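These notes are about the structure you will find just below.
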Amino acid sequence: METHRPPTNFESKVYDALQLIPKGKVTTYGRLGKYIDCASPRAIGQALKRNPFAPDTPCHRVVSSDLKIGGFSGRNEGEPVLRKRRLLENEGVVFRENGTISRDCCYQFDE
């Protein structure tokens with residue numbers, strides 16, 4: 001059983017960066033990592049999995065580098081991933097026929 005704990009400094013950096021991504025946009029694990037100076041997309045994913053502030057801190061706006069939806073809530077398939085897609089679609093993120101996200105919906109932290 002997981003115990004609740006306050007976010008680490010690293011996790012707080014991740015959550016602060018998420019607040020910059022507007023509705024209708026996504027970023028990738030790698031771009032988010034580059035923005036906060038972290039070379040490990042897996043570490044980013046673990047922080048997102050532990051996000052105690054969701055959905056106000058929008059971890060669902062982070063996707064794989066190939067613009068596929070990626071994981072959600074520690075899962076790579078099934079209902080959590082479908083829920084992530086619904087959240088993104090409800091915010092205006094556009095999915096292409098092949099299931100990838102339109103590049104027009106990509107957020108660049110240096111914009």
Original post:
If you take the residues of the range 69-96 that are assigned to a loop (DSSP other than H, G, I, E, B), surrounded by fewer than 16 Cβ atoms within 10 Å (Cβ to Cβ) and at pLDDT 95 or above, which of them is farthest from the chain's Cα centre (by Cα)?
Top reply: ARG96
**OP:** Return yes when ASP104 is part of a helix (DSSP H, G or I) and either among the charged types (D, E, K, R) or in contact with a strand residue (DSSP E or B) (Cβ under 6 Å, 6 or more places away or on another chain) (or both) and no when it is not.
**Re:** yes
Original post:
Has the range 57-64 got any residue that is more than 19 Å from GLN108 (Cβ to Cβ), touching a Ser or Thr at 6+ places or on another chain (Cβ under 9 Å) and not basic (Lys, Arg)?
Top reply: no
Original post:
Do we find that LEU87 is free of Cβ contacts under 8 Å to residues at least 40 places away in the same chain and in contact with a His (Cβ under 9 Å, 6 or more places away or on another chain) in this structure?
Top reply: yes
**OP:** Determine the pairs where a residue that is farther than 18 Å from VAL81 by Cβ, located within the range 36-49, has a partner that is of a type in the set (Val, Ile, Thr) with Cβ atoms under 6 Å apart, the partner being 6 or more residues away or on another chain.
**Re:** ALA47/VAL14
**OP:** Name every residue in the range 1-56 that is touching a His at 6+ places or on another chain (Cβ under 8 Å), exposed (fewer than 14 other Cβ atoms within 10 Å of the Cβ) and closer than 15 Å to GLY71 by Cβ, in order of residue number.
**Re:** none
Original post:
Within the range 8-31, can you find the residues that are touching a residue at least 40 places away in the same chain (Cβ under 8 Å) and of a type in the set (A, V, I, L, M, F, W, C)?
Top reply: ALA17, LEU18, LEU20, ILE21, VAL26
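The values are calculated or read from the model by the stated rules, or taken from the named source; none is laboratory data. Every value quoted in this text rests on a predicted model; they were computed, and no experiment measured them. Here Cβ is always computed from backbone atoms with ideal geometry, including for glycine, and neighbour counts include all displayed protein chains.
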